[in-house]
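One structure is given below, encoded as structure tokens.
The values are calculated or read from the model by the stated rules, or taken from the named source; none is laboratory data. Given the structure is predicted, the values throughout are model-derived calculations rather than measurements. Ligands, DNA and RNA are stripped out before the accessible areas are found, and what is left, the full protein with its side chains, is counted by its heavy atoms. Shrake-Rupley method; radii C 1.70, N 1.55, O 1.52, S 1.80 Å.
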Amino acid sequence: MEKSILPVILQMMDTVPFFENVTSSHPALESNGTFCNSLESFEHRIRSEEWESVRSEAAAQLSLTLNKKFQNQYQEWNSVAKAARLFFDERIAPKLRQFEQAHGLKSLADDIGYDISHIIIEEYFVKRIGIKRMLFSRLLDIYKQGRIPCGYTVFPEKNHAQPVGKIISFSPPSIM
């Protein structure tokens, strides 16, 4: 593992205002995404099979790209994933528990931990070998705004090979 890259990524991730702006308006997001405006809808969407499928396919695509084109560097995946999960457990999970308690939500650690781990993995390999940014970079942009991505609205292109859509993020109705 390239030891100089991971600390830079984790330091950047430490500056992300996780869950801090869920109740604030962000015009930049409004043009690039859409909102989920109720707790019930948010809980349903973040745990939906569709959202899990979108994220799983993105993770699989990232893994496949690395395995096919960068096999030597791909061997670093597990150590990066382990560091990413440790970062989530130590730095993000406490903030998440406070957010859950404040909003009466059930455990979101599996869903959000999956996002954070894959964001770190993707960022690592973007910096390490220059792969193109994928879905997890888009999720990072939403987390940087203090929001929580929880779904994806797909608009198929004419050739149906590459779906295009908008990420849905949680935003209570008070700011809509």
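Values computed for the structure shown
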{"quantity": "Accessible-area value, VAL80, 1.4 Å probe, nucleic acids and ligands omitted, Å²", "calculated": "0"}
{"quantity": "Distant-in-sequence amide H partners of GLY165 (H built 1.01 Å from N, under 5 Å)", "calculated": "PHE155"}
{"quantity": "Cα gyration tensor shape for region 77-153, rounded if a/c is under 1.5, else prolate or oblate", "calculated": "oblate"}
{"quantity": "Phi-based couplings in Hz for region 55-72 (Karplus 6.51, -1.76, 1.60; Gly and Pro marked x)", "calculated": "5, 5, 5, 5, 5, 5, 5, 4, 4, 5, 4, 5, 5, 6, 9, 9, 4, 5"}
{"quantity": "For region 1-19 and region 77-119, distance of Cα centres in Å", "calculated": "14"}
{"quantity": "Rounded if a/c under 1.5, otherwise prolate or oblate - region 47-94, Cα gyration tensor axes", "calculated": "oblate"}
{"quantity": "Solvent-accessible area of SER137 with every protein chain in place, 1.4 Å probe, in Å² to the nearest 10", "calculated": "10"}
{"quantity": "Net length gained if the chain between HIS103 and GLU49 were fully extended (0.36 nm per residue, minus Cα distance)", "calculated": "17.1 nm"}
